[in-house]
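Novice: The following block contains the structure, expressed as structure tokens.
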Amino acid sequence: MRRKLTVPTIADVYRAIPTPITAVAARVGEQDIAMVLSSFVALSDDPALVGISVKRGSSTWPLLREATSLGINILTGGHSGLIDSYSLPSHERLVGSTYRADAGAIIIADAPTSLVCHIEREIEMGDHIFVVLAVDNVLHDPKIGRPIVHHQRRVTELMEYQI
Ligand SMILES: Cc1cc2nc3c(=O)[nH]c(=O)nc-3n(C[C@H](O)[C@H](O)[C@H](O)COP(=O)(O)O)c2cc1C
């Protein structure tokens with residue numbers, strides 16, 4: 001009997017690789033706009049540069065990219081309401097969250113790390129746009145909470161062990 005091979009797609013493979021969950025948020029005109037992203041990556045220490053990858057066709061990115069400053073907030077299990085809001089209109093995603101604006105960048109309360117950034121470069125990468133951002137300010141207190149990760153379309157807590 002022949003066995004049918006199940007070949008994973010590249011998207012299946014990417015989903016199996018854990019990544020942090022962030023909210024990129026800014027005040028644009030009168031509106032406070034956010035987007036949940038799991039594509040955050042730290043790129044460079046000096047200068048301080050980070051990256052995010054945004055799917056082409058996103059309706060929120062064209063608004064966020066107009067902001068003078070962007071907040072990149074590392075989320076915890078306490079931010080599940082914000083994560084669940086990802087499919088709402090971009091100006092409704094922060095309803096119910098506590099946050100403040102810092103030079104246009106939105107800093108979400110109880111995020112252990114928030115980076116105030118400006119866009120350095122946007123690079124077209126296949127079906128995504130890779131955005132390189134320079135870090136202008138850092139709010140960092142790891143005691144505030146533990147970051148979560150995106151894995152197999154689920155939100156997962158980190159496990160710790162001593163090495
Ligand atoms: C946990 C999670 C991670 C996500 N990561 C990304 C990402 O890295 N890049 C992206 O373009 N969209 C990502 N999305 C989808 C966006 O949050 C958003 O829903 C999507 O871009 C469609 O909305 P828009 O048209 O307002 O941009 C993610 C959604 C969730 C729930």
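Novice: Give just the number: which of (1) surrounded by 11 or more Cβ atoms within 10 Å (Cβ to Cβ); (2) farther than 16 Å from F130 by Cα does V41 not satisfy?
Specialist: (2)
Novice: Could I ask something else about it? Of V36, V50, which residue is touching a Phe, Trp or Tyr at 6+ places or on another chain (Cβ under 6 Å), buried (at least 16 other Cβ atoms within 10 Å of the Cβ) and not in a helix (DSSP H, G or I)? Before you say what the answer is, go through the steps one by one.
Specialist: Values: V50 fails: touching a Phe, Trp or Tyr at 6+ places or on another chain (Cβ under 6 Å).
After applying the criteria, what remains is V36.
Novice: Now, a different point. If I ask for residues that are assigned to a loop (DSSP other than H, G, I, E, B) and at pLDDT 95 or above, which ones from segment 110-145 would you list?
Specialist: Of the residues in segment 110-145, the ones assigned to a loop (DSSP other than H, G, I, E, B) are 110-112, 126-127, 141, 145.
D110, A111, P112, G126, D127, D141 - these are the residues of segment 110-145 that are assigned to a loop (DSSP other than H, G, I, E, B) and at pLDDT 95 or above.
Novice: A follow-up question, please. Answer with yes or no whether V132 is within 13 Å of the ligand (Cβ to nearest atom) and touching a residue at least 40 places away in the same chain (Cβ under 8 Å). Explain how you work it out, then say what you get.
Specialist: On the way: within 13 Å of the ligand (Cβ to nearest atom): no; touching a residue at least 40 places away in the same chain (Cβ under 8 Å): yes.
Against the criterion (within 13 Å of the ligand (Cβ to nearest atom) and touching a residue at least 40 places away in the same chain (Cβ under 8 Å)), V132 does not qualify.
Novice: Would you confirm, using the coordinates I've provided, whether G78 is assigned to a strand (DSSP E or B) and of a type outside the set (K, R)? Step through it out loud before you land on a result.
Specialist: Details: assigned to a strand (DSSP E or B): no; of a type outside the set (K, R): yes.
No; evaluated as a whole, the condition is false for this residue.
Novice: Could you please let me know if R15 is touching a residue at least 40 places away in the same chain (Cβ under 8 Å) and not hydrophobic (A, V, I, L, M, F, W, C)?
Specialist: Details: touching a residue at least 40 places away in the same chain (Cβ under 8 Å): yes; not hydrophobic (A, V, I, L, M, F, W, C): yes.
Spelling it out, R15 is indeed touching a residue at least 40 places away in the same chain (Cβ under 8 Å) and not hydrophobic (A, V, I, L, M, F, W, C).
Novice: While we're looking at this one, here's another question. On the basis of being within 14 Å of the ligand (Cβ to nearest atom), touching a residue at least 60 places away in the same chain (Cβ under 8 Å) and under 18 Å from A25 (Cα atoms), does L88 make the cut?
Specialist: Numbers: within 14 Å of the ligand (Cβ to nearest atom): yes; touching a residue at least 60 places away in the same chain (Cβ under 8 Å): no; under 18 Å from A25 (Cα atoms): yes.
Considered against the rule, which asks whether it is within 14 Å of the ligand (Cβ to nearest atom), touching a residue at least 60 places away in the same chain (Cβ under 8 Å) and under 18 Å from A25 (Cα atoms), L88 comes out as no.
The values are calculated or read from the model by the stated rules, or taken from the named source; none is laboratory data. Keep in mind the model is a prediction, meaning the values are calculated, not measured. For neighbour counting, all protein chains shown are included, and Cβ atoms are generated from backbone atoms with ideal geometry for every residue, glycine included.
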